[in-house]
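Below is one structure, written out as structure tokens; comments come after it.
The values are calculated or read from the model by the stated rules, or taken from the named source; none is laboratory data. The shown structure was predicted, so the numbers you read here are calculated from the model rather than taken from an experiment. When we count neighbours, we look across all protein chains shown, and the Cβ atoms used for this are built from the backbone with ideal geometry, even at glycine. The area values use the complete protein model at the heavy-atom level, side chains included, leaving out ligands, DNA and RNA. Shrake-Rupley method; radii C 1.70, N 1.55, O 1.52, S 1.80 Å.
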Amino acid sequence: PTPHNVADPVVPRIPGGSSSGAAVSVAAGAALIGLGSDTGGSIRTPAALNGIVGFKPTARRVPLTGTVPLSPTLDSIGAVTLSVRDAIVAHEVLAARAIRVEHKPPGMRRLAVPRTLLLDGLDETVSAAFGAALARLAQAGFQIEDIDLPVIQEFGGLQSRGGFAAFEAYAWHRDRLARDAGRYDPRVLARILKGRAMGEGDYIALCQARRRWIEAVEALTADFDALLSPTVPMVAPPIADVAPGAERDDAFFEVNARLVRNTSVVNMLDGCALTLPCHQAGQLPVGLMVWHGCMRDDTVLCTALQVEAALTERPAPARPWRTSPP
């Protein structure tokens, strides 16, 4: 059955998915590294909800050989770990390469906080933890700037017909569904079947729209070392609220959509992202996502190392985290 989130010993809460077992194993101390796949957030979501680190590299960095595809366009292979340093080690093994270390002090790091979409509908715990984390980073010297990123609003339209995952998953599962549809989890089946309504023309149009969207986002973010957002907009809900059962399907799909909203933006961007915990002791876990576009993995990882160091030092005197652009 679904493993329980390790953060709450009283109320069984969802661990996040789909790499839920990997994240719970690491968070519980049963493993040092948990391997996972990330098509829309399946590494970062469970890492954030369990209070650990998760890194989704640029998809092409790690070969998909030996994996069962969900969406070959979006699938990424990465790991959940207890620290950013461990995430770097795991990535270097998986990608068979050494990251390029950047010796750049926090005061020279420009970090952007997109206001559009990614800050909508945060619950109180996430909002407070995210704001406190940004204040700590500003105190540590990072240059943090609010930015408008209206092009992000186009993300929902790109997904409106089901997106890459639905089309590509249905193509891969189509013959199996004809034989064994009854063996599929009903909620998984419902998402795969969204791809049945997409035609080849829809798919080609989606590929073209994605390229234009990536170019537009990169043009607005190229001058920043990384961008910062809450990994997910909510803390882990109780398992009982979304447990299997038709009477809870609406609640499940609503929670699922909220949990992958921010993370999926990075997958569609063909980008890279790392989540690390930013909550205070005694709180339910909250993840801070450090992210950027395609092939910016080394900068994201080096920035995340410094962010992690700043968030784990003794708290500094509070001051507003918003700073004016230079």
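For the reader, a short list of remarks on this structure follows.
- Among (1) open to solvent by 30 Å² or more (accessible area, probe 1.4 Å); (2) under 18 Å from residue 294 (Cα atoms); (3) among the hydrophobic types (A, V, I, L, M, F, W, C) - the single one residue 178 does not satisfy: (2)
- Members of the range 39-53 found to be open to solvent by less than 10 Å² (accessible area, probe 1.4 Å) and under 8 Å from the mean Cα position of the chain (by Cα), listed by number: 41, 43, 44, 45
- Test: residue 85 is in contact (Cβ under 8 Å) with a residue 24 or more places away in the chain, under 24 Å from residue 295 (Cβ atoms) and open to solvent by 60 Å² or more (accessible area, probe 1.4 Å): yes
- Selected residue (only one of 132, 169 is in contact (Cβ under 8 Å) with a residue 40 or more places away in the chain, touching a Gly at 6+ places or on another chain (Cβ under 7 Å) and not in a loop (DSSP other than H, G, I, E, B)): 169
- Unique residue being open to solvent by 30 Å² or more (accessible area, probe 1.4 Å), without any contact (Cβ under 8 Å) to a residue 12 or more places away in the chain and not β-branched (Val, Ile, Thr) when the list is 191, 161, 196, 211: 211
- In the set (1) more than 20 Å from the chain's Cα centre (by Cα); (2) at pLDDT 95 or above; (3) closer than 17 Å to residue 296 by Cα, the condition left unmet by residue 94 is number (1).
- Among all residues of the range 254-274, there is at least one that is farther than 26 Å from residue 185 by Cβ, open to solvent by less than 10 Å² (accessible area, probe 1.4 Å) and part of a loop (DSSP other than H, G, I, E, B).
- Of all residues in the range 1-30, those satisfying the criterion of being of a type in the set (Ser, Thr, Tyr), open to solvent by 40 Å² or more (accessible area, probe 1.4 Å) and within 21 Å of residue 258 (Cα to Cα) are 2, 18.
- If the condition is being touching a His at 6+ places or on another chain (Cβ under 9 Å) and closer than 22 Å to residue 146 by Cβ, then the range 225-271 contributes 225, 226, 227, 266, 269, 271.
- Any hit, the range 217-225, residues being in contact with a helix residue (DSSP H, G or I) (Cβ under 6 Å, 6 or more places away or on another chain) and part of a loop (DSSP other than H, G, I, E, B): yes
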